[in-house]
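The values are calculated or read from the model by the stated rules, or taken from the named source; none is laboratory data. Predicted model only: the values in this text are computed from it and were never measured. Glycine also receives a Cβ, built like all others from the backbone with ideal geometry; neighbour counts cover every protein chain displayed. Accessible surface areas use protein heavy atoms only, side chains included; no ligands, DNA or RNA. Shrake-Rupley method; radii C 1.70, N 1.55, O 1.52, S 1.80 Å.
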Amino acid sequence: MAKTVLVINSGSSSIKYQLVDLESGEGIASGLVEKIGEPIDGHYKHEYNGEKHELEEPIHDHEQGLKRVLGFFEEYGPKLADANIVAVGHRVVQGGSLFPKPALVNDKTINQVKDLAVLAPLHNGPEAKGAEVMRALLPDVPQIFVFDSSFFFQLPKASSTYALNKEIADQYHIRRYGAHGTSHEFISSVVPEVIGKPAEGLKQIVLHIGNGASASAEISGKPVETSMGLTPLEGLVMGGRTGDIDPAVVFHLIRNAHMNVDELDALFNKRSGMMGMTGFGDLREVHRLVAEGNEDAKLALDVYVHRIVGYIGNYTAQMGGVDVITFTAGVGENDDIVRKMVCEKLAPFGVKLDEEKNAKRSKEPRVISTPDSSVVIAVIPTNEELAIARKSAAIAEAGEDTYGNKFAK
């Protein structure tokens, strides 16, 4: 049987998982655990072999949730004992400057990931907890941390450095770390094959647009820019996040609205973006409102596209041109309206969209520009789980990571 990797993404109140076949790259089974630690019943969903199994019950903590997940594999399949599982890969948002590469999970790296929660308070703690629990539940299987920030640790200094007082920046590790790195790395690595051009010298922009959204620029597969910064708040307009905003807005709201840090954090990260402008974080609902003539929704969509086009222009100038622009993630892969609006803004520069190809729904990688377009426009589904699985399997096979940590049963 082909080797598999179980990929875990632990959030503060949810867990996503997928069992990945390393040979085919396909997800064999997947599932979701929701509403962990909430006073209402939680929700489990496990999908395998075309069947969906769901359960509602109180979920007190991640340990209970993950034990139930392993029970689903045992009851509904595939049994992990028969799945030739070689590793468990854990997605972690923030690796800071400590982890430019994936790392084996052990007591030391768990504590380091927890310490980095100061840079990603909503993510790193739960991700460390998920790894801690799975390590106890599957002690004979190597557990690997794969960091979202690792890909962008290669950014040039001019891109990764804020113009902040150097002593303060150094003391508190303030720099641009980026996020969605696993997705951007995966997409930029497969683009050359999809468009039939060599990777060497290829100048590309990747637009990972979902509820969270980020843009990146790569030359020869190496990142030169990305839109997210110290945290995932910076950059594009998102479902609930502001994206770029004058930091003095914080001072203004403290002085005049008497808002505290937690209130501002929630405002900027959860109650702004498309949600704050329209009442909906889901672009499908925003499009519905636009079709009904809602002016707030129309403005919000214009702001959304304006920011994307601004980053494309910035990155094109930074790279001295662009060969291919790729849309990916939930909105990027499925929203032909947003893709069309963006490309229409780029039409004066010779970008030509094949409207029939753009409007067609597909889960396959594809080019949606015309042959005579000055820039290739592509749509490629992201597969972060496969990327995490491959990185995890490589370390499991080696038996150690680049930091000298070794796996011992």
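Points to keep in mind about this one:
- Identity of the residue in the range 350-409, among the polar types (S, T, N, Q) and assigned to a helix (DSSP H, G or I), that ends up farthest from residue 30 (Cα to Cα): 358
A quick yes/no check of all residues on (1) touching a residue at least 60 places away in the same chain (Cβ under 8 Å); (2) not in a helix (DSSP H, G or I):
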| residue | (1), (2) |
| --- | --- |
| 56 | no, yes |
| 81 | no, no |
| 86 | yes, yes |
| 98 | no, yes |
| 115 | no, no |
| 125 | yes, no |
| 131 | yes, no |
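- Check on residue 310, free of Cβ contacts under 8 Å to residues at least 24 places away in the same chain, among the small types (Gly, Ala, Ser) and surrounded by fewer than 17 Cβ atoms within 10 Å (Cβ to Cβ): yes
- Residue check, residue 230 open to solvent by 10 Å² or more (accessible area, probe 1.4 Å), aliphatic (A, V, I, L, M) and within 18 Å of the chain's Cα centre (by Cα): yes
- Long-range neighbours under 6 Å by Cβ, at least six apart or interchain, first residue within 12 Å of residue 219 (Cα to Cα) and among the acidic types (Asp, Glu) within the range 316-335, second open to solvent by less than 10 Å² (accessible area, probe 1.4 Å) and not in a strand (DSSP E or B): 323/202
- The number of residues in the range 211-240 being among the aliphatic types (A, V, I, L, M) and part of a loop (DSSP other than H, G, I, E, B) comes to 6.
- Put simply, of 150, 188 the only residue that is open to solvent by less than 50 Å² (accessible area, probe 1.4 Å), at pLDDT below 95 and within 22 Å of the chain's Cα centre (by Cα) is 150.
- Positions within the range 131-179 being under 19 Å from residue 208 (Cα atoms) and of a type in the set (Val, Ile, Thr), in sequence order: 146
- Exactly one residue among 221, 196, 210 is open to solvent by 60 Å² or more (accessible area, probe 1.4 Å) and under 30 Å from residue 376 (Cβ atoms), and that residue is 196.
- Residue 91 meets each of the listed conditions (1) crowded, with 17+ Cβ neighbours inside 10 Å; (2) over 26 Å from residue 125 (Cα atoms); (3) among the basic types (Lys, Arg) apart from (2).
- Some residue of the range 104-121 being of a type in the set (Gly, Ala, Ser) and modelled with pLDDT of 90 or more: no
- Members of the range 260-305 that are outside any helix (DSSP H, G or I), open to solvent by less than 30 Å² (accessible area, probe 1.4 Å) and in contact (Cβ under 8 Å) with a residue 40 or more places away in the chain: 281
- Residue satisfying all of: in the range 11-53; modelled with pLDDT of 90 or more and polar (S, T, N, Q); surrounded by the most Cβ atoms within 10 Å (Cβ to Cβ) among these: 18
Matching residues to (1) in contact with a Ser or Thr (Cβ under 6 Å, 6 or more places away or on another chain); (2) of a type outside the set (A, V, I, L, M, F, W, C):
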| residue | (1), (2) |
| --- | --- |
| 142 | no, yes |
| 151 | no, no |
| 154 | no, yes |
| 178 | yes, yes |
| 184 | yes, yes |
| 212 | no, yes |
| 215 | yes, no |
| 218 | yes, yes |
| 222 | no, yes |
